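The values are calculated or read from the model by the stated rules, or taken from the named source; none is laboratory data. What you see is a predicted model, and the numbers here were worked out from it, not measured in a lab. No Cβ is skipped: glycine too gets one built from the backbone with ideal geometry, and neighbour counts run over all protein chains shown.
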Amino acid sequence: MENISFRTAVLPLGDRLFRLALRITMNRAEAEDVVQDTLLKVWEQRSQWEQINNLEAFALTICRNRALDVIKRAGRNTASLDKVDNGQWSMVNGQSTLEAREQISLVRRLMDGLPEVQRTIMQLRDIEGMTYQEIAQLLDISETQVKVYLHRARTKIRKGLEIRD
Amino acid sequence: MDYKYIEQLLERYWECQTTREEEAILRTFFRQEDVPASLLPYRQLFIEEDIMAGEHLSKDFQDKMLSMVGEEASLLGGRLEGGCCKARRLTVVRRLRPFYRAAGLVAILLTIGNAAHQSFTEDAQQAIDNGQPSMVNGQWSMVNDSVTTQPEQQSAELTTPTIDTLNALTR
């Protein structure tokens, strides 16, 4: 690999990594920090790129692991700020206000209420348009498991939307 | 209008049986304003996912990263959208490079011209020295410039003995 440039080889991955990190941490500043760490890590390992089949998948794996570390350190293991229960919202820690929640769309709240793995899979499939195989490799699980998690996620979203309606 | 196809597609979407192409059809369908009431509750999902797909890093993130890894940021101070163009800093040497090239070309042409002129002059001088006719200043000249004959004169000298020979033969 000759003439490797950070600008052309690594930076273009940024936005996709950011969206994944944002879906996990649900905080823009934290997500940007995660992306920064990830891109630097990928760049540091450029001498080994030839041994990596898919650079983007490699970067996404690092990104997800770092984002999970962030929420674990912050004590937000599932990263869900609020819990969804049949479309009814309950306060967690008593910090969120009803007005603030209403600013956020119903879909976002439903998605944010999903367990991390379901949320990540929904992000990778529905927003990033990845195949089941790519997602399975990224998360190191089977394609069947990917479909099971995705089915659970979509079912919860569907129910949430129908109850609200 | 019959929405049976969309309804079937949506049902398969919930069951994770749709392909990415079929999901794209659903997305396109729900982007339109005119959606039947029975499908309206699900429109928000696809609209929101479109918005989420457009989320991106802050504008100064790119320049910050480039400075961290020691690569030059945009010279214009703005973002190079999509990384389509690569800004390069021009050094003095690089900026003057076209002039160097032009000067070099002129030098080569002058050298060749001078060499050709010198070679031609030397040839003429050598020819004079060897007694061969040569053209100098547009006129033919003979050895040492001492004998310079005109074409008419040469013709007369050549024809006189030839006529004498013919006369002798006829007799």
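Results, tabulated for the structure shown:
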quantity	calculated
Search result, residues across segment A:140-165 that are within 13 Å of A:Gln118 (Cα to Cα) and either modelled with pLDDT under 95 or hydroxyl-bearing (Ser, Thr, Tyr) (or both)	A:Tyr149, A:Thr155
Residues satisfying the stated conditions in segment A:125-149, i.e. touching a Lys or Arg at 6+ places or on another chain (Cβ under 9 Å), in a helix (DSSP H, G or I) and crowded, with 21+ Cβ neighbours inside 10 Å	A:Arg125, A:Asp126, A:Ile127, A:Ile135, A:Leu138, A:Val146
Residues of segment B:48-63 satisfying the condition of being more than 8 Å from chain A (Cβ to nearest Cβ) and either surrounded by 13 or more Cβ atoms within 10 Å (Cβ to Cβ) or part of a helix (DSSP H, G or I) (or both)	B:Asp50, B:Ile51, B:Asp63
Restricting segment A:14-49 to residues that are in contact (Cβ under 8 Å) with a residue 40 or more places away in the chain and more than 11 Å from chain B (Cβ to nearest Cβ), the residue that is surrounded by the fewest Cβ atoms within 10 Å (Cβ to Cβ)	A:Trp49
Residue match in segment B:114-132 (condition: modelled with pLDDT of 85 or more, among the acidic types (Asp, Glu) and not in a loop (DSSP other than H, G, I, E, B))	no
Count - residues of segment B:20-37 that are part of a loop (DSSP other than H, G, I, E, B) and at the interface with chain A (Cβ under 10 Å from one of its Cβ atoms)	1
Residue check for A:Thr8: within 11 Å of chain B (Cβ to nearest Cβ) and β-branched (Val, Ile, Thr)	yes
Hits in segment A:145-165 (condition: more than 7 Å from every other protein chain (Cβ to nearest Cβ) and of a type in the set (A, V, I, L, M, F, W, C))	A:Val146, A:Val148, A:Ala153, A:Ile163
Any chance A:Ile127 is in contact (Cβ under 8 Å) with a residue 60 or more places away in the chain, within 24 Å of A:Phe18 (Cβ to Cβ) and within 7 Å of chain B (Cβ to nearest Cβ)	yes
Residues (closer than 14 Å to A:Phe18 by Cα, among the polar types (S, T, N, Q) and within 35 Å of the chain's Cα centre (by Cα)) located in segment B:56-72	B:Gln62
Subset of segment B:9-19 [exposed (fewer than 12 other Cβ atoms within 10 Å of the Cβ) and in a helix (DSSP H, G or I)]	B:Glu11
Members of segment A:1-59 found to be β-branched (Val, Ile, Thr) and assigned to a loop (DSSP other than H, G, I, E, B), listed by number	A:Ile4, A:Ile52
